[in-house]
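The values are calculated or read from the model by the stated rules, or taken from the named source; none is laboratory data. Every value quoted in this text rests on a predicted model; they were computed, and no experiment measured them. Neighbour counts are summed over all protein chains in view; Cβ atoms, including those assigned to glycine, are modelled from backbone coordinates with ideal geometry.
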Amino acid sequence: MPNTQFPTAIIALDAAIRTKPSNYPEPFAKRMAGREKRPLGDIFGLSNFGVNLTRLVPGSVSALRHAHSKQDEFLYILAGQPVLITDQGETQLSPGMCAGFKAGTGNGHHLINRTNEDVLYLEIGDRTPGDSAAYPDDDLQAAFGSNGRWQFVHKNGALY
């Protein structure tokens, strides 16, 4: 392992915003307007799981509604009042609330900010190799490639 120096601690809101707002292909990427992710885990060299501090401005969404095959996910709301949308319906969230999504359940989920205030939350997910994601509301499927990048296809398998 290289002798890389990582910080001991940082102020999370001082972390740089991810330079590429979305990995989704168009026309989906533009739907992520108003979402800002600060990849906190990367700052510390974490490789087994990721941690993002994410801000949703009014009217924005966290992601396309999705479900992972191998990646567990966890959300913790710090500020704001987002709506969590899952296969079970809508759940109003508020600061101090959290939600978790076990891999392989097929339960599509995402957050929407329907308020006039920003939403701020932590999202944590593991980085299990071979993960894939299903998008029940969109003509999209994704697989995490051996190159460390998401590869997106239509539901019929055609490339984007």
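For the list (1) out of contact with any Asp or Glu (no Cβ under 9 Å at 6 or more places or on another chain); (2) within 22 Å of GLN151 (Cα to Cα); (3) modelled with pLDDT of 95 or more, I need the number of the one condition that ASP87 fails.
For ASP87, the exception is condition (2).
What number of residues within the stretch 1-29 are of a type in the set (D, E, K, R) and surrounded by 17 or more Cβ atoms within 10 Å (Cβ to Cβ)? Give the derivation first.
So the first thing to find is which residues in the stretch 1-29 are of a type in the set (D, E, K, R), and the list is 14, 18, 20, 26.
When the remaining residues are screened for being surrounded by 17 or more Cβ atoms within 10 Å (Cβ to Cβ), the result is none.
Adding up the residues that qualify gives 0.
Among the residues of the stretch 30-46, write down those that are surrounded by fewer than 14 Cβ atoms within 10 Å (Cβ to Cβ) and either aliphatic (A, V, I, L, M) or within 28 Å of LEU159 (Cα to Cα) (or both).
The answer is LYS30, ALA33.
For THR91, state whether it is farther than 23 Å from PHE6 by Cβ and part of a strand (DSSP E or B).
On the way: farther than 23 Å from PHE6 by Cβ: yes; part of a strand (DSSP E or B): yes.
For THR91, the condition - farther than 23 Å from PHE6 by Cβ and part of a strand (DSSP E or B) - is met.
What are the pairs, 6+ residues apart or on separate chains, where a residue within the stretch 35-64 that is on the phi > 0 side of the Ramachandran plot has its Cβ under 8 Å from a residue that is among the small types (Gly, Ala, Ser)?
GLY59/GLY34
Identify, by number, the condition in (1) modelled with pLDDT of 95 or more; (2) buried (at least 17 other Cβ atoms within 10 Å of the Cβ) that PHE144 doesn't meet.
(1)
Considering only residues that are in a strand (DSSP E or B) and closer than 25 Å to GLN141 by Cβ, which ones fall in the stretch 45-73?
To start, the set of residues in the stretch 45-73 that are in a strand (DSSP E or B) comprises 49-56, 61, 66-68, 73.
Across the stretch 45-73, the qualifying residues are PHE49, GLY50, ASN52, THR54, LEU56, VAL61, HIS66, ALA67, HIS68, GLU73.
Could you list, in sequence order, the residues of the stretch 90-103 that are loosely packed, with under 14 Cβ neighbours inside 10 Å and either closer than 20 Å to VAL51 by Cα or at pLDDT below 95 (or both)?
Listed by number, the residues that qualify are SER94, PRO95, GLY96, CYS98, GLY100, LYS102.
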